[in-house]
Amino acid sequence: MTKPRGATRVLVQVLAVLLAIAYLIPVYMTLVTSLKDPKEINLMTAWQLPSQVNWESYSTAFRQFAPYLKNSFTLAICATALSAIMGSLNGYVLSKYPLPGRNIIMPLIVFGMFIPYQSVLVPLFQFMQRTKLYGGLPGLILVHVVYGLPITTLLFRSFYEEIPTELIGAASIDGADFFGIFRYVILPLSGPPFLVVCIWQFTQIWNEFLFAVTLTRPNAQPITVALANLAGGQAVSWNLPMAGSVLAAMPTVLIYILLGRYFVRGLLAGALKG
Amino acid sequence: MKTSRWLKLIGLCGVVVLLFATVTSAAPQGELEIFSWWAGDEGPALEALIAMYEEKYPDVTVINATVTGGAGVNAKAVLKTRMLGGDPPDTFQVHAGQELIGTWVVANRMEDLTWLYEEEGWMEVFPADLLDLLSTDEGIWSVPVNIHRSNVLYYIPDNLARWGVEVPKTWDEFLEIAPKLEAQGIIPLSLGENWTAIHLWECVALSVLGPEKYGQLWDGALSWKSPEVIEVWELFGKILEYTNPDAPSLSWQQATDMVVNGQAAFNIMGDWASGYMTTTLKLEPVTGYGWAPAPGTEGVFIMLSDSFGLPVGCRNRENAIAWLRMLGSLEGQDTFNPLKGSIAPRIDSDLSKYNAYLQSAANDWRTNKIVGSLAHGVVANERFMNDFATVMDIFLASKNAEAAANAAEAVAIQSGIGR
Amino acid sequence: MTAGLTGNPPERTVKDMQSRRDQVMAAVIILPSVILLGIFVYGFIAQTVRVSMTDWGQEAAMVINPKITYVGMANYRELFTGFLNMRFRQDLTNMFFFTLLFVGFSLLVGLLLAVLIEQLVWGETFFRTVFLYPMSLSFVVTGTIWRWLLQPRGGINALPTLVGLPAGKFLWLTSREQTLTFDWSHIFHYLCLGVLIVSAAAAFSSWTGGDRRKLRARLAICAVLIGILASGILTRIKLLPFAEAHGFNKALWGVVIAAVWQMSGYTMALYLAGLRTIPDELREAARVDGASKFQVYRYVDFPLLGPITVSAVVILGHIALKIFDLIFAMAGPDHYPTSVPAITMFLKTFRGNELAVGSAIGVILLILVSLLIIPYLVTSFRAEER
């Protein structure tokens, strides 16, 4: 597209800078507040830089949040890996094998990622209770794997559909069976899709709150719940929730900055997860 | 976190299926999980108790599971998900009264502690009125750790002198001085989020109804639609006009801060605010901050009591019993309460360990007429509480006393108040 | 693949080359997922519907084996017409306005950002990163941060004081002011009005699209709706024995701002991807025909962004309908002016001990989301099959 010239050019640039500042204001506020001494935090002077940088908020927040961060990592890594593996296999089957009812299965699977989880919460709860999975990380991992299946299946299926059928035909003639094709044809081409799916799932699971708050007991809580609890009301010293927010946001923001390209691809491709 | 731990995590990820099977939800032995909503400024008192416990039972790892959020609102939701999930904490904080009886005891979720009371001789050391709140015909269901008073009016004496106002003894007096304060740019009464409005409401209700009729609200003898109750809502509405517009965004501490900072003249809060001002803000009772019974409630003590119970099916029953034993002991109570800013339920507690405010509160506790708090779960069950919060919001939005009274009546019928 | 459910047309499978054993293997591989989703999605939904038609007794919901009685649609009737469930009805109203504002502004801001970035001479990657980063945050983090920024006596309101102006007085999250109020009993009247607007828009699109037959059908629907509205039948329905005002709570602005801040980068990315797929030749052709820059956008770019906008509306819309964590973290669960059904569901279930009513709210949410999603899924997968 042709770029503007002259005055418009400057105007556009200035507008972009102004908007960028607006989008970064919350970051400024968060960092400034988190680095203040609790005594210095006051609604009236919220915008000022701290008179003395107080790193202690971070060490306190980290000490307080370390177990929850660990929970979140265990949860997000395990659930991401499992749902990606299963999604990859499902995508392979649904894109390359003409199973009966294939055209009905897919929309039914995809519907699962749009449902409001409030509509399954009560039975889910009872199910977890009966299977003794309630409260711990394994239960929460299971839940995230299951409700992650629609999106991972959908993503892998669309990726695998782009793999030419001829390739599979050739491997088939060479005597490769179901797993042979998966191992030697599909998997070698699956690098980028795995990256996209894993980034997407990791971000979603890391950020999830409703399941986390209803299905875990305190020692298995992920960071989102711990943060909501800390900021939930009694906190006068806003430096802690702010430092906690930074810690909670760090992993996904880092992924976004380092692997932004894939993040955006997941965003566009999977357009759909809420 | 150490790098080795990350490596381990990544390694685990490789054998993810294996891990899925091996991570078990069963807690290791020798733990005690204590569930409460005491954190931040209220934390140290609980921590002192935990330290005491750990010293006595060094082999037990105490898990201090706190969920913060105004007066335990969030904590209650979390606790419920856990109880429903069949995963009770070993012991949990619960307000004495209907919050305990109406929710947990009727559902057979608690263990009877009568044997513990008998063993420890607690029948004699706790006041009978309090024991009534913890008991049904079938047993005694929790151990009280403290007594708080809810109807306390806070102010800063120097500020009042500067603004030329006296502490109001009645709401009429308050409504008289409030415009004067407003003229000086001072908010007459600071208020916080939703539950603090209910807290204020119960103080207003007591002043209009008096202790007898206030009590009748809960046994069904006084209708929620009666003219007196409508009068309560009307007066409450007038008082609200003198509160800060940003109330819903403030915690109770921030509402207290407004008084301390001189932005507001008065605040009505439970006497945990004394603890906050003494311990966190380092103000001297009497000289630094002043208190009085909420207007029109002199001689009456709206009480609430935090207690801990023993849920059926908890993992570490023995450890929990040891904890309860310690809570009820004189030593436990006199360690906890001076720090928490509350008085000990035990009648033999050593008052010399308490500050000026608490000594006066202990004195009132022994001489005043006692009624139970609504905002803190003593007099009404949780279903009523949950819907009453909605009634309160209907009123805050509409300021229609009659509609609020009708709604409250409907709530009372639905939740079986006074049955 | 951009913004659609499906990418390429379906490929031809290699049926002839696959052995029977592989076919069975494929079925076996997919079976666990199908069973899991069958239970966790459809089984649980069925169970929720069942629970929503029961009564668990007043205080007994916490009992280990509660006494459950079947009550039919009573819980739903209570929610829509019961005196005490005024909160739920305001929740629905809040949800409606929030969805409208959130989706509208996200699209608008996203489009603006996309066009802006297209025009940039330098720093494109930087600006794109800045506008998109909020997407990677959790709603809980966003809520926590914006809760602080929107404190009435600080944050955004204190911003003007930095340049010596008086502080803002807007009560972002805590305002109790209500505008656009209506009586709940007239809800059908307004629903009908809503349907009329949608059909009028549809009629307009078939007029511009030149589809005569559809136009006639749609105009007929409009005429019928106008007739119903004019007759005033719907305003005479008495849902409640008294007038109950609901409306737009100004406190929602705070939530809308935070949500748009978080999600506008997403629509920007969608639109950017869309703009990039439009061939430059098309624009060139328009310019040769004498179109101004604005006209090129108006007549070439924007119409081609239509399908993307539909996807964005569906996705943002269903996020808006389900919104929970953001409001929970920002205003707290007990803040009536910003409450939505998802929050009330949580409180009813886990604080009020009313599991059945909570389930009913869950089902209502599901129905609302389905109204949005199912047509979208059906058309997407139909297009794929073709």
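FYI, it's all coordinate maths here, none of it is from the lab. Everything numeric in this text was worked out from a predicted model, so none of it was measured. Counting neighbours? That spans all protein chains shown, and the Cβs are built from the backbone with ideal geometry, glycine included.
Cut-off 10 angstrom, C-alpha nodes, Gaussian network model of chain C. Which of C:Ser19, C:Ser33, C:Ser175 fluctuates the most?
The residue that fluctuates most here is C:Ser19.
Over chain C, with a Gaussian network built from C-alpha contacts below 10 Å, which listed residue (C:Gly209, C:Gly154, C:Gly274) shows the highest mean-square fluctuation?
So, out of C:Gly209, C:Gly154, C:Gly274, the one fluctuating most is C:Gly209.
Under 37 °C and 0.692 mPa s, how fast does chain A diffuse according to Stokes-Einstein, given a Kirkwood radius computed over C-alpha pairs? Answer in µm²/s, whole number.
151
Viscosity 1.306 mPa s, temperature 10 °C: give me the Stokes-Einstein translational D for the protein assembly as shown in µm²/s, with Rh taken as the Kirkwood radius over C-alpha pairs.
51
What nm distance separates the two modelled labels at A:Ile257 and C:Ile278, each placed 7 Å from Cα along Cα→Cβ?
3.4
Would you calculate, for the protein assembly as shown, the mean residue ellipticity at 222 nm contributed by helices, counting each DSSP H stretch of 4 or more residues as -39,500 (n - 2.57) and dividing by all residues, to the nearest 500?
Details: 46 runs with 630 residues, N = 1079.
Calculated mean residue ellipticity at 222 nm is -18500 deg cm²/dmol.
Between rounded, prolate and oblate, where does the stretch A:1-129 land on the alpha carbon gyration tensor, with a ≥ b ≥ c its root eigenvalues, rounded for a/c under 1.5, else prolate if a/b exceeds b/c?
Verdict is oblate for the stretch A:1-129.
Rounded to two decimals, what ratio of Rg to Rh does chain B give with C-alpha atoms and a Kirkwood Rh?
With Rg and the Kirkwood Rh in hand, the quotient comes to 1.00.
Go through the stretch A:82-91 residue by residue and turn each phi into a ³J(HN,Hα) via Karplus (6.51, -1.76, 1.60, θ = phi - 60°); whole Hz please, and just put x for glycine and proline.
4, 6, 5, 4, 5, x, 5, 5, 4, x
When only Cα pairs under 8 Å and 6 or more residues apart are kept, what is the percent relative contact order across chain B?
27
Just report the Cα centroid separation between the stretch A:73-111 and the stretch B:80-95, whole Å.
36
On average, how many beta carbons from a partner chain sit within 10 Å of the beta carbon of a residue in B:271-279?
Other-chain Cβ atoms within 10 Å of each residue's Cβ, averaged: 0.
Mind listing the phi-derived Karplus ³J(HN,Hα) values for the stretch C:325-338, rounded to whole Hz, using 6.51, -1.76 and 1.60 with θ = phi - 60°, and x for any glycine or proline?
Per residue, the Karplus-derived 3J(HN,Hα) values read 4, 4, 5, 4, 7, 7, 10, x, x, 9, 9, 4, x, 10 Hz.
Kindly rank B:137-149, B:210-222 from highest to lowest mean number of other beta carbons found within 10 Å of each residue.
Order by mean packing, descending: B:137-149, B:210-222.
Check every DSSP H run in chain C and write down those whose alpha carbon atoms cover 27 angstrom or more along the long axis and whose mean Kyte-Doolittle hydropathy is 0.0 or greater.
Helices meeting the criterion: C:86-119, C:187-208, C:212-231, C:252-277, C:355-385.
Report, by chain and number, residues whose modeled amide H sits under 5 Å from the one on B:Glu33, excluding near sequence neighbours (fewer than 5 apart, same chain).
B:Ile63, B:Asp90, B:Thr91
I need B:Tyr57, A:Tyr184, A:Tyr262, C:Tyr266 ordered by Cβ neighbour count within 10 Å, fewest first.
Numbers: B:Tyr57 17, A:Tyr184 13, A:Tyr262 20, C:Tyr266 23.
Lowest to highest Cβ neighbour count: A:Tyr184, B:Tyr57, A:Tyr262, C:Tyr266.
Under 8 Å for C-alpha pairs, at least 6 residues apart: give me the relative contact order for chain A, rounded to a whole percent.
Worked out over chain A, it gives 31 percent.
If amide H atoms are built 1.01 Å from N in the plane of the peptide, which residues on other chains or at least 5 residues away come under 5 Å of the amide H of B:Phe266?
Result for B:Phe266 returns B:Leu189, B:Ser190.
Please give the Cα centre distance for the stretch C:290-362 versus the stretch A:136-177, rounded to the nearest Å.
About 30 Å separates the Cα centre of the stretch C:290-362 from the one of the stretch A:136-177.
Could you pull out every residue, at least 5 positions away or on a different chain, whose amide H is within less than 5 Å of the one on A:Ala46? Hs are placed 1.01 Å off N in the peptide plane, and Pro or chain starts have none.
Long-range HN contacts for A:Ala46: C:Gly155.
Within 10 Å of each Cβ in C:323-330, how many Cβ atoms from other chains are there, averaged over the peptide?
4
What fraction of the DSSP beta bridges in chain B is antiparallel, stated in percent and rounded to the nearest 5?
The antiparallel fraction comes to roughly 55 percent.
Rounded to the nearest 0.05, what FRET efficiency do B:Lys56 and C:Ser231 give with R0 = 56 Å and r taken as the Cβ-Cβ distance? Could you check?
Numbers: r = 79 Å, r/R0 = 1.41.
Rounded to the nearest 0.05, the efficiency is 0.10.
Kindly state, to the nearest 0.05, the FRET efficiency for C:Val28 paired with B:Thr287, given R0 = 60 Å and r defined as their beta-carbon distance.
The value I calculate is 0.15.
Quote the charge dipole size of chain C about the Cα centre in Debye, to the nearest 20; the model charges only the Cβ of Lys and Arg (+1) and of Asp and Glu (-1). Let's see the in-between values first.
Values: 32 positive and 23 negative charges, 116 e Å.
Computed charge dipole of chain C: roughly 560 debye.
By the gyration tensor of its Cα atoms, with a ≥ b ≥ c the square roots of the eigenvalues, what is the shape of the stretch C:178-249: rounded for a/c under 1.5, prolate for a/b over b/c, or oblate?
Details: a/c = 5.04, a/b = 2.14, b/c = 2.35.
Oblate, because a/c is 1.5 or more while a/b does not exceed b/c.
Arrange the peptides C:312-318, C:142-148 so that the one whose residues have, on average, the most other Cβ atoms within 10 Å appears first.
C:142-148, C:312-318
Between A:Thr152, A:Thr33, A:Thr60, which gets the highest mean-square fluctuation from a Gaussian network model of chain A, Cα cutoff 10 Å?
In this elastic network of chain A, the residue with the biggest mean-square fluctuation among A:Thr152, A:Thr33, A:Thr60 is A:Thr60.
Taking the mean number of other Cβ atoms within 10 Å as a proxy for protection, how do you rank B:122-134, C:160-172 from highest to lowest?
Highest mean packing first, the order is B:122-134, C:160-172.
Which entries of B:Lys213/C:Lys348; B:Lys225/B:Lys369; B:Lys169/B:Lys369; B:Lys80/C:Lys348; B:Lys282/B:Lys340 show an alpha-carbon separation above 19 angstrom in the structure shown?
B:Lys213/C:Lys348; B:Lys225/B:Lys369
How well do other chains shield peptide A:22-33, expressed as the mean number of their Cβ atoms within 10 Å of each residue Cβ?
Per-residue shielding by partner chains comes out at 5.
Would chain C count as rounded, prolate or oblate if I go by the C-alpha gyration tensor, calling it rounded below 1.5 in a/c and otherwise prolate when a/b exceeds b/c, oblate otherwise? Provide the component values of the computation, followed by the final result.
Details: a/c = 1.41, a/b = 1.16, b/c = 1.22.
Since a/c stays below 1.5, the shape of chain C is classed as rounded.
Quick one: Karplus J couplings for the stretch B:178-188, per residue in order, coefficients 6.51, -1.76, 1.60, θ = phi - 60°, nearest Hz, x for Gly and Pro?
4, x, 4, 5, 4, 4, 8, x, 9, 7, x
Given an 8 Å cut-off on Cα distances and at least 6 residues of separation, report the relative contact order of the stretch A:1-93 as a percent.
18
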